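Participant: One structure, as structure tokens, below. Some questions next.
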Amino acid sequence: MPSYPDGQIAAIAQVNHLILVTRTVYADLGAEKIIAAQKLSQKIAVEIKVFRTPSPVTELERAIGQYYLYLTFITKQDPDRALFLAIPERIYQNFFQRPSIELFVKERQISFFVFNPEQEEIIKWITH
């Protein structure tokens, strides 16, 4: 388990071979969190998106903006860490499987995983 300076860690959990370390990130002003994690031997950062508003398109726009903002910072500060969005299963099923959204995500090479928030379980990894 990596060590982090005092005051940066809000929570640590291990879920399906993924070690999660929730950290305070001042650039993220929304309710979601970005976390540093490790998937087996791969270092990753995860931006959790919950899509709370009625418009999934608006939420996707916000998520993509944050994704590229964080990707810029992570690439400079920790180039060995891959960035993933975390998408709730219901949003994946009802929105992300639309052909236009699948095409957008694939063309932009956005990696994400699908999770079940009630069971706190990762359902599917999608890496581009």
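Participant: Is the range 97-106 home to any residue that is under 15 Å from the mean Cα position of the chain (by Cα) and at pLDDT 80 or above?
Facilitator: yes
Participant: Okay, next question. Just need a number here: residues in the range 94-115 that are of a type in the set (K, R) and either under 19 Å from Q42 (Cβ atoms) or surrounded by 15 or more Cβ atoms within 10 Å (Cβ to Cβ) (or both).
Facilitator: Residues that pass the stated criteria total 0.
Participant: Take the residues in the range 66-93 that are open to solvent by less than 40 Å² (accessible area, probe 1.4 Å) and in a helix (DSSP H, G or I), then tell me which one is farthest from N116 (Cα to Cα).
Facilitator: Only one residue fits best here, namely I74.
Participant: Only residues that are open to solvent by 20 Å² or more (accessible area, probe 1.4 Å) and more than 17 Å from I123 (Cα to Cα): list them for the range 48-63, please.
Facilitator: R52, T53, P54, S55, P56, V57, T58, E61, R62, listed by residue number.
Participant: Continuing with the same structure: Could you please find all residues in the range 112-122 being within 16 Å of F95 (Cα to Cα) and among the hydrophobic types (A, V, I, L, M, F, W, C)?
Facilitator: Of everything in the range 112-122, those that are within 16 Å of F95 (Cα to Cα) and among the hydrophobic types (A, V, I, L, M, F, W, C) turn out to be F112, F113, V114, F115.
The values are calculated or read from the model by the stated rules, or taken from the named source; none is laboratory data. Remember, it's a predicted structure, so these values are computed and weren't measured experimentally. Methodologically, a virtual Cβ is constructed for each residue, glycine included, from the backbone with ideal geometry; neighbour enumeration extends over all protein chains shown. What goes into the accessible areas is simple: the full protein's heavy atoms, side chains included, and nothing from ligands, DNA or RNA. Shrake-Rupley method; radii C 1.70, N 1.55, O 1.52, S 1.80 Å.
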